[in-house]
Amino acid sequence: MATRKKAAKAKAKSVAKKSSRKVLKFKPKRPAAKAASGNGLPRPSSKPWGQAGRALDGVKILDFTHVQSGPTCTQLLAYMGADVIKVERPGVGDITRGQLRDVKGQDSLYFTMLNGSKRSITIDSKHPKGKEILDRLVKQCDVLVENFAPGALDRMGLTFEHINKLNPRMIVASVKGFGPGPYEDCKVYENVAQCAGGSASTTGFREGPPLVTGAQIGDSGTGLHLALGIVSALFQRLRTGRGQKVLCAMQDGVLNLARVKLRDQQRLAHGPLSEYSQFGEGVAFGKATPRAGNDSGGGQPGWILKCKGWENDPDAYIYFITQAPVWGAICDLIGKPEWKTDADFATPPARLPRLRLIFDTIEQWTMTMTKFEVMDTCNKHDIPVGPILSMKEIADEQSLRATGTVVEVDHPGRGKYLTVGNPIKLSDSPQDVRRSPLLGEHTDEILRKVLGYSDKDVAEIKMSGAITPPEKPAKAEAA
Ligand code: CAO
């Protein structure tokens with residue numbers, strides 16, 4: 001028995017030796033591999049910061065996304081340097097190309113602002129030749145990202161099993177409205193997710209109906225979560241050598257962003273939420289976390305207050321937080337130094353039932369200045385305030401242009417437009433914010449350069465109808 005074990009061990013050793021010899025025979029093209037340090041990782045690059053490529057250089061994404069949630073994710077990955085190949089239906093493309101159009105006949109801002117830095121290929125995924133091209137793409141890419149309605153990818157024949165068989169390293173990432181459960185088959189849009197994720201019931205004023213927020217926390221928020229899932233799966237793949245499924249449900253993504261309200265739901269079991277204005281106003285709490293208007297979500301009371309010009313400017317407001325450590329400075333600024341020692345105002349618990357009076361008094365002061373003057377004055381005293389910036393002010397803000405958060409790009413059809421660049425800044429990975437592609441702009445290039453099709457193959461593919469819109473039926477001849 002022992003000798004058999006020994007023999008097996010010796011055999012395994014010789015196989016390992018042989019295979020390692022095999023590996024050694026392979027000559028790396030780039031000297032970087034030679035530079036591996038003792039822990040197997042490459043030595044720190046000697047290139048200047050920002051000149052050693054982008055964070056996701058070399059990662060290929062098969063982008064089957066549409067509308068907003070999925071495209072947000074793949075656009076971020078493209079900004080980080082991934083080669084994002086967007087697959088679109090011939091002749092139609094992502095439905096948002098034509099939605100909310102501002103320039104006749106041109107791709108809408110809805111589309112262009114969510115699909116920058118990508119390449120576009122048109123493929124009919126239900127055409128036999130189209131399926132063949134897609135299989136080739138699956139073999140070539142690292143990640144497939146999709147946000148179709150539940151089951152649509154499977155109906156195209158792209159089940160996880162099929163993909164995994166073709167390319168075991170491929171990561172298959174999906175956005176769906178709901179995770180497994182009673183609603184998993186539902187189609188979901190932004191506001192549905194905001195409602196189902198607990199955001200709407202906790203947004204708005206107590207006396208009014210639930211409100212959705214303008215920030216697209218269901219779509220863009222979930223896309224952002226998905227991007228993190230993909231990068232994590234890519235990192236894990238370095239160890240395991242295999243891909244996996246990544247799923248982000250929009251309901252889950254919204255709930256993750258609304259978690260402080262689930263915190264408050266549990267606190268309710270132990271008494272009223274004393275930092276909510278409702279507490280100070282003596283209004284009883286119900287069974288669920290209520291809407292709290294503009295009350296601050298943290299423990300420090302905060303309200304939105306009018307500033308100079310509010311009568312004509314809908315955005316002449318400032319968010320003002322009465323943070324405890326700067327209470328003395330606030331009292332001095334607003335001309336109420338006596339509140340620093342008055343027992344009714346001196347401590348945070350004493351102030352809670354008097355928030356309306358306090359904020360009304362502060363507002364009398366903020367109304368004497370513009371929101372920017374209030375900000376300048378308060379900043380000197382470390383008082384946390386935030387001007388309510390309109391989208392116009394944001395579009396004109398030069399510091400956002402300087403950091404690449406707002407970027408102007410040029411489009412061959414619609415001219416110059418503003419887009420939101422990468423809000424995540426990496427010190428050694430330059431940003432890659434380019435205009436969105438025209439429908440099918442890179443079909444030829446991808447077929448040849450990524451998938452290796454010859455001239456003859458490409459001609460055949462073009463004839464097959466797999467990458468071109470279906471012919472319009474000939475008009476019936478007049479009887
Ligand atoms: N070639 C051929 N067919 C294609 C294709 C291509 N390149 N690309 C898409 N299609 C087909 C799909 O296969 C699907 O066909 P079947 O239903 O016959 O299998 C069809 O187009 C429609 O796909 P869909 O159901 O995803 O699109 P929809 O407009 O009906 O629904 C949406 C849109 C967003 C509600 C749904 O995709 C969804 O619930 N997605 C998940 C959640 C999500 O991301 N929501 C956020 C959207 S942003 O507000």
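The values are calculated or read from the model by the stated rules, or taken from the named source; none is laboratory data. Model, not experiment: these values are computed from the prediction. Cβ: placed from backbone, ideal geometry, glycine included. Neighbour counts: every protein chain shown. These accessible areas exclude ligands, DNA and RNA; they are computed on the full protein's heavy atoms, side chains included. Shrake-Rupley method; radii C 1.70, N 1.55, O 1.52, S 1.80 Å.
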Practice task
Select from segment 179-188 the residues that are surrounded by fewer than 20 Cβ atoms within 10 Å (Cβ to Cβ) and either among the hydrophobic types (A, V, I, L, M, F, W, C) or within 20 Å of I133 (Cβ to Cβ) (or both) and list them in ascending order.
Solution key: C186
Handout entry: Selection from segment 63-88 of residues that are within 9 Å of the ligand (Cβ to nearest atom) and among the hydrophobic types (A, V, I, L, M, F, W, C)
Key = F64, V67, V87
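Go through segment 232-285 residue by residue and tally those that are of a type outside the set (D, E, K, R) and open to solvent by 90 Å² or more (accessible area, probe 1.4 Å).
6
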Practice task
Would you mind finding the one in N191, N167 that is out of contact with any Gly (no Cβ under 6 Å at 6 or more places or on another chain) and open to solvent by less than 60 Å² (accessible area, probe 1.4 Å)?
Solution key: N167
Practice task
Go through segment 367-382 and give me each residue that's more than 15 Å from A324 (Cα to Cα) and in a helix (DSSP H, G or I).
Solution key: K371, F372, E373, V374, M375, D376, T377, N379
Fill in the blank from the handout: For strands (runs of 3 or more DSSP E) lying entirely in segment 383-479, having 1 or more residues that are aromatic (F, W, Y) picks out 415-420
Exercise for the section: For residues that are within 12 Å of the ligand (Cβ to nearest atom) and among the hydroxyl-bearing types (S, T, Y), scanning just segment 179-200, find the one that is nearest to D219 (Cα to Cα). Expected result: Y189
Practice task
Check segment 216-235 and report whether any residue there is within 13 Å of the ligand (Cβ to nearest atom), at pLDDT 95 or above and within 25 Å of K287 (Cα to Cα).
Solution key: no
Practice task
Kindly check whether there is at least one residue in segment 246-264 that is part of a loop (DSSP other than H, G, I, E, B), closer than 25 Å to N294 by Cβ and among the charged types (D, E, K, R).
Solution key: no
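Report yes if A288 is out of contact with any helix residue (DSSP H, G or I) (no Cβ under 6 Å at 6 or more places or on another chain) and outside any loop (DSSP other than H, G, I, E, B), otherwise no.
No: the conditions fail for A288.
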Handout entry: Residue that is in contact (Cβ under 8 Å) with a residue 12 or more places away in the chain and touching an Asp or Glu at 6+ places or on another chain (Cβ under 7 Å), where the choices are P348, P301, P384
Key = P301
Practice task
Return yes or no: is L211 touching an Asp or Glu at 6+ places or on another chain (Cβ under 9 Å) and either surrounded by 14 or more Cβ atoms within 10 Å (Cβ to Cβ) or part of a loop (DSSP other than H, G, I, E, B) (or both)?
Solution key: no
Practice task
Test L166 against the criterion of being within 21 Å of Q68 (Cβ to Cβ), away from the ligand (no atom under 15 Å from the Cβ), over 18 Å from the mean Cα position of the chain (by Cα) and at pLDDT 95 or above, and give yes or no.
Solution key: no
